[in-house]
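The values are calculated or read from the model by the stated rules, or taken from the named source; none is laboratory data. What you see is a predicted model, and the numbers here were worked out from it, not measured in a lab. A quick note on method: Cβ atoms are made from the backbone with ideal geometry, for glycine too, and the neighbour counts reach across all protein chains shown.
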Amino acid sequence: VHTVPRVLCSSETAPLAATRMTERVNGIGLLGCGTVGSSVARRLLELHPDLLRAIAVRDPLKPRAVDWNDFDVDPFEVVDDPAVRVVVECIGGVGLARELVLRAIARGKDVVTANKDLIATEGPWLASFAARTGATLRYEAAVGGAIPIVRALASSLANEDVLEVGGVLNGTTNFVLDAMEKGADYGAALAEAQRLGFAESDPRADVDGHDAAHKLAILAGLAFHRPSVSGGVLRRGIGELTADDVRAGAERGWQLKLLAIARRGAHDGAAIEAGVTPAYVPAEHPFARPRGAENVVRVVGRRAGTLTFAGTGAGGDATASAVVADVIAALENRERHLPAHVGDDLVTQPLRARVLVRFDGGSLVTPEPVPLDQLEATALVYGAHGVVRAVVPLWDDAA
Ligand SMILES: NC(=O)c1ccc[n+]([C@@H]2O[C@H](COP(=O)([O-])OP(=O)(O)OC[C@H]3O[C@@H](n4cnc5c(N)ncnc54)[C@H](OP(=O)(O)O)[C@@H]3O)[C@@H](O)[C@H]2O)c1
């Protein structure tokens, strides 16, 4: 009889697993102890008091909800610490974080990161560098917070011929668009999101679609087995949407969401279309459901059919859940490598979707999908009907 090890069956036994891990002197060095890092630290301390060897922060005097007295201010020292085998990068950005991850990989240490900016811009070559030094690079938390979509694509669906991947990947824009639906204009909705901590003081990464494009590039690389970076992903943000756009959708039973989708072209199966765009989604569509920090990721496979993953896409504890799972995989030497894709970088064409054109005196949905980079040209084409007020994509799975 094939028995599942008890440690995989029950959360009660997790500390037991941690005990075994430490017997191999596998210390963890945590870089950053902010929203995500502090949740990671608390969970690691719960698992076993000796797992966590060092925590680096910028300001060691800042009060934090973590029972730790000896913060380091030099994160490179933490990376170099011989007692640290797994480096957990929770600083963010592509400057310092990149240097630290490189250093850890160069020393053959396993790296776990939640840093989508870094993985979406340099992930492919960092992964191949890691493969050369015997290190590993894990980044489950970089997309979808607690939703285990990276592992699903890299492992469970590794043999699947993916036709489409993506969905609603950014919580800040969910919040802003929800507030607009309740009557606020864009500026007021964004200000409210900032006041409540749903948007950064510099919200551009979210509202301009960079964050979603980063996550989409990571998903597309895993889904289509090619090195993938976010630079080439066509991207439109939510900043130009108006209360009229929201109203026009509501009248038709549609909601506005920031979608991030990559898929095999309908006309040319070899081409991959990708894009980040605000789009109308019918109220009953799974992409219409997420609110606030919720994300929805959908994978359409030739054989597997449609798989929908939904859950909490941000926040300290949810993100730390994915980070700590990666840490445990590293300590247990499981899943040594996410696929290190080879060949040329994935080059994508602009995503195509039908669009709602609103002009003075009426509106229409284009009969054919329009590439996202052709929305302005579409407005010109339909100018003959009247002054065009808005051209907004519609995602109804039909086109
Ligand atoms: N927040 C989320 O919901 C979420 C979700 C998914 C992924 N992520 C990703 O997770 C990563 C961390 O995000 P976060 O929200 O936790 O950021 P955060 O709250 O701003 O925390 C950043 C941490 O890095 C530390 N740090 C900055 N510069 C440093 C330096 N020079 N030396 C040592 N430590 C330094 C800061 O130290 P001080 O505390 O002393 O300032 C802080 O503890 C990012 O890559 C982000 O994209 C976040």
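Which count do you get for residues in region 13-42 that are under 16 Å from residue 331 (Cα atoms), at pLDDT 90 or above and in contact with a helix residue (DSSP H, G or I) (Cβ under 8 Å, 6 or more places away or on another chain)?
Residues in region 13-42 being under 16 Å from residue 331 (Cα atoms), at pLDDT 90 or above and in contact with a helix residue (DSSP H, G or I) (Cβ under 8 Å, 6 or more places away or on another chain): 4 in total.
Suppose the filter is at negative phi and either in a loop (DSSP other than H, G, I, E, B) or surrounded by fewer than 24 Cβ atoms within 10 Å (Cβ to Cβ) (or both); does residue 241 pass it?
So residue 241 passes the test.
Please go through region 189-202 and give me each residue that is in a helix (DSSP H, G or I), in contact (Cβ under 8 Å) with a residue 12 or more places away in the chain and of a type in the set (A, V, I, L, M), ordered by number.
Hits for region 189-202 are 189, 190, 193.
Tell me the strands (runs of 3 or more DSSP E) entirely within region 37-149 that contain at least 3 residues that are more than 12 Å from the ligand (Cβ to nearest atom) and more than 19 Å from the chain's Cα centre (by Cα).
The qualifying strands (runs of 3 or more DSSP E) are 84-89.
Which condition number in (1) in contact with a strand residue (DSSP E or B) (Cβ under 9 Å, 6 or more places away or on another chain); (2) over 15 Å from residue 372 (Cα atoms) is the one that residue 205 fails?
In the conditions (1) in contact with a strand residue (DSSP E or B) (Cβ under 9 Å, 6 or more places away or on another chain); (2) over 15 Å from residue 372 (Cα atoms), residue 205 misses (1) alone.
May I ask you to list pairs of residues, at least six apart or on different chains, whose Cβ atoms are under 6 Å apart, with the first in region 63-77 being among the aromatic types (Phe, Trp, Tyr) and the second being at pLDDT 95 or above and within 8 Å of the ligand (Cβ to nearest atom)?
Correct list of pairs: 71/57; 71/60.
Return the only residue of 303, 291, 334 being assigned to a loop (DSSP other than H, G, I, E, B), more than 17 Å from residue 371 (Cβ to Cβ), within 16 Å of the ligand (Cβ to nearest atom) and among the charged types (D, E, K, R).
Step by step, each of 303, 291, 334 is checked, and only 291 is assigned to a loop (DSSP other than H, G, I, E, B), more than 17 Å from residue 371 (Cβ to Cβ), within 16 Å of the ligand (Cβ to nearest atom) and among the charged types (D, E, K, R).
Which residue out of 191, 199, 179 is away from the ligand (no atom under 14 Å from the Cβ), more than 24 Å from residue 350 (Cβ to Cβ) and in contact with an Asp or Glu (Cβ under 7 Å, 6 or more places away or on another chain)?
Just one listed residue meets the conditions, 179.
Residue under question is residue 45, and the condition is that it be under 24 Å from residue 333 (Cα atoms) and at pLDDT 95 or above; does it hold?
Judged against the criteria, residue 45 is a match.
Among residues belonging to region 203-238 that are acidic (Asp, Glu) and part of a helix (DSSP H, G or I), point out the one that is farthest from residue 147 (Cα to Cα).
Among those that are acidic (Asp, Glu) and part of a helix (DSSP H, G or I), it is 206.
Would region 344-359 turn up any residue that is of a type in the set (Val, Ile, Thr), more than 27 Å from residue 164 (Cα to Cα) and either part of a helix (DSSP H, G or I) or touching a residue at least 60 places away in the same chain (Cβ under 8 Å) (or both)?
no
Determine which single condition residue 329 fails, assuming it passes every other condition in (1) in a helix (DSSP H, G or I); (2) crowded, with 21+ Cβ neighbours inside 10 Å; (3) more than 16 Å from the ligand (Cβ to nearest atom).
The single condition residue 329 does not satisfy is (2).
Determine whether region 351-364 contains at least one residue that is modelled with pLDDT of 85 or more, touching a helix residue (DSSP H, G or I) at 6+ places or on another chain (Cβ under 9 Å) and among the acidic types (Asp, Glu).
yes
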